[in-house]
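Here's the structure we're looking at; comments come further down.
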Amino acid sequence: MTNSDPPLLNHYGALSSHLTRRDDPRSQLVVKECRLPLIDLSGLSSRDEMVRQACVEAICGASSEWGLFQVLNHGISLRLVEKMRSEQVKLFMTPFERKASCGHLNNSYRWESPSATCPKQFSWSKAFHVPLTKVSDKACYGEFVSLREVMMEFAAAMSKLARLLAGALTENMGHGKEVMGNLCDESTCFLRLNHYPARPISPEIFSLVPHTDIDFLTILCQDQVGGLQLTKDSKWVTVKPNQDALIVNIRDLFQAWGNGVYKSVEHKVVTNAKTERYSNAYFLCPSYDSSIGSFKEQSIYRKFTFGE
């Protein structure tokens, strides 16, 4: 089997003897393209309280019905997105041996799914999963000096946006916008740089296997290649990219905290046979000792800590 960078083909080959037909009935259905709710965030800064409240209601409604939505006028310029993408491409084009051993970005380079035991658990992807506490650390960047400045600006903008959205969601539950600021800090938040190489073999492979995530919310900035899919009404639907919008994904902690009002939906990334894909994501997480539980008396979840 031909080598790849990283050696994804070799690892997939070792698992291919376990190849079986997917047992998820949704994977056999025709996947339709959907248009996620598109929300103009300029309403959150409006002096007209009715306009602002309408924006909050749109955010919370989309979080309840879809679990994913797109936002415009989010405060992150196209210039910054393009600079981040350019630096990201240069980083991933570094030879595999150097990425895996040089210790860049807190030694956070990851690829495929080390715990996979069969092809349907295998992710055809690679990433740098960087703690926010390390984004400004000069020692993490090596020869990629220009990446540091862009990463710092991008992470700060994504963090500000995440807290703005989280504030709207907590406000809707009857709590002050400062609650999320008290729960979350840089020690547990992450910025993840993703690269999904073109897939030269079986369409059975996912770029990212179906899953939900355990943070409060994730903000995704993706290119125009597409491939993101989510479950809606027990079916897989594919998300059409929008170059002017970012995707907001409600996660497990908000579903638990909101007593099931907000949805953390299963999602995945499908492979592309000819075209590679890039994206980056910001993960808003609480401190590890934060207690997560519904504020309602009749909670459908038991309380737990983020560390747990």
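The values are calculated or read from the model by the stated rules, or taken from the named source; none is laboratory data. Only a predicted model underlies this, so the values are computations on that prediction, with no experimental measurement involved. Here Cβ is always computed from backbone atoms with ideal geometry, including for glycine, and neighbour counts include all displayed protein chains. Accessible surface areas use protein heavy atoms only, side chains included; no ligands, DNA or RNA. Shrake-Rupley method; radii C 1.70, N 1.55, O 1.52, S 1.80 Å.
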Once R0 is set to 35 Å, what does the formula 1/(1 + (r/R0)^6) return for the Cβ-Cβ distance between S46 and V265, expressed as a FRET efficiency to the nearest 0.05? 0.75
So the label point goes 7 Å from the Cα of F304 along Cα→C-beta, right? Which residues of the stretch 194-220 then have their backbone N under 14 Å from it? 212-216
Mean-position separation - Cα centroids, the stretch 159-215 and the stretch 52-94, in angstrom: 11
Kirkwood hydrodynamic radius for the chain: how many Å is it when counted over pairs of different Cα atoms? 20.4
How long are the three semi-axes of the equivalent ellipsoid of the stretch 155-308, in whole Å, if each is the root of 5 times an eigenvalue of the C-alpha gyration tensor, listed from largest down? 30, 17, 14
Counting only protein heavy atoms with a 1.4 Å probe and every protein chain in place, the carbon and sulfur fraction of the accessible surface of the chain in whole percent equals 52
Extension gain H129-Q224, at 0.36 nm per residue separation less the Cα-Cα distance, in nm? 32.0 nm
Paramagnetic reach from H175 (point 7 Å along Cα→Cβ, amide N under 19 Å) across the stretch 277-300: 283-300
Nearest 10 degrees is fine. How inclined is helix 49-65 to the longest principal axis of the chain, computing both from alpha carbons? 50
Mind checking which lysines have their C-alpha under 28 Å from K134, skipping anything on the same chain fewer than 8 residues away? K83, K90, K99, K126, K160, K177, K268
Relative to the longest principal Cα axis of the chain, at what angle does helix 145-172 sit, 0 to 90 degrees, rounded to 10? 40
Taking the dipole of the chain about the Cα centre (Lys, Arg +1; Asp, Glu -1; charges at Cβ), the one of F306, V130, C60 that reaches farthest to the positive side is V130
Taking a quarter of the surface of the Cα convex hull of the stretch 253-299, what do you get in nm²? 4.9
Do any trypsin sites (Lys or Arg not before Pro) in the stretch 233-300 lie in a loop, going by DSSP, with at most 10 other beta-carbon atoms within 10 Å of their beta carbon, and if so which? K274
Averaged per residue, what accessible area in Å² does the stretch 99-236 show with a 1.4 Å probe, protein chains only? 40
Under 15 Å from a point placed 7 Å out from the Cα of D137 along the Cα-to-Cβ direction: which residues of the stretch 182-199 have their backbone N that close? 186-191
Any chance you could run the full-extension gain for S86 through E149? It's 0.36 nm times the residue separation minus the Cα-Cα distance, nm to one decimal. 21.4 nm
Which one, V89, V265, V135, has the greatest fluctuation when you compute a Gaussian network model over the chain with C-alpha springs under 10 angstrom? V89
